[in-house]
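All remarks here apply to the structure that follows.
The values are calculated or read from the model by the stated rules, or taken from the named source; none is laboratory data. Quantities reported herein were computed from a predicted structural model and do not represent experimental measurements. For neighbour counting, all protein chains shown are included, and Cβ atoms are generated from backbone atoms with ideal geometry for every residue, glycine included. Accessible surface areas use protein heavy atoms only, side chains included; no ligands, DNA or RNA. Shrake-Rupley method; radii C 1.70, N 1.55, O 1.52, S 1.80 Å.
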Amino acid sequence: MQTPDILVINGPNLNMLGTREPQIYGRETLKDLQALISAKAAELEVRVEFFQSNHEGAIVDRIQEARGKSDFILLNAGAYTHTSVAIRDALSGVDIPFYEIHISNVHRREEFRHHSYLSGIAEGVICGFGLNGYLYALENAAALLRSR
Ligand code: CA2
């Protein structure tokens, strides 16, 4: 099998990681997170690409671009998780398996964070493990792709 290509998408406000609300999101920045993921990807011998946007349409565009190129998506859609039919439709349309990731345990937070438009079509959902959630997801995605 060729080296798997995994796309990591972070949605709105995740560019602010490490700058405020450390009790919820920790002290590491988005750059730190990407470095952690890159190190794990090297260990697992997979390629990773990163994308972050605060704009719903830009996320839809990036998911569409991934069609036929990325083998797996790790997606923290931020608040769009709870609102976006457009992102769900884009994911359904490209037929790329994805894991939904949340840094915080959304089920321990406000009621409006308990519903996700994405979980119903995700391969899996990880929440409440902090930044480690991305690393667990990456390990699982790599194992899944290698087993195919
Ligand atoms: O727990 C998560 O990863 C979330 O996807 C984060 C979203 C939130 O709307 C979801 O309900 C759960 C918010 C991201 C905000 O990120 C910030 C990080 C640091 C400082 C400010 C915002």
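Some values worked out for this structure:
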quantity: Pick from the range 75-84, criterion of a type outside the set (Gly, Ala, Ser) and open to solvent by less than 70 Å² (accessible area, probe 1.4 Å), ranking: nearest to GLY124 (Cα to Cα); calculated: LEU75
quantity: Residue count, the range 1-25 (criterion: near the ligand (Cβ under 9 Å from one of its atoms), open to solvent by 60 Å² or more (accessible area, probe 1.4 Å), in a helix (DSSP H, G or I) and over 27 Å from VAL94 (Cβ atoms)); calculated: 1
quantity: Among residues of the range 86-101, those that are open to solvent by 30 Å² or more (accessible area, probe 1.4 Å) and either touching a Leu at 6+ places or on another chain (Cβ under 7 Å) or more than 17 Å from ASP5 (Cα to Cα) (or both), counted; calculated: 5
quantity: Only listed residue being free of Cβ contacts under 8 Å to residues at least 60 places away in the same chain and within 16 Å of the chain's Cα centre (by Cα), chosen from HIS102, HIS107; calculated: HIS102
quantity: Pair list, Cβ under 7 Å, 6 or more apart: the range 3-25 residue polar (S, T, N, Q) and modelled with pLDDT of 95 or more, other residue in a strand (DSSP E or B) and near the ligand (Cβ under 9 Å from one of its atoms); calculated: ASN10/ASN76
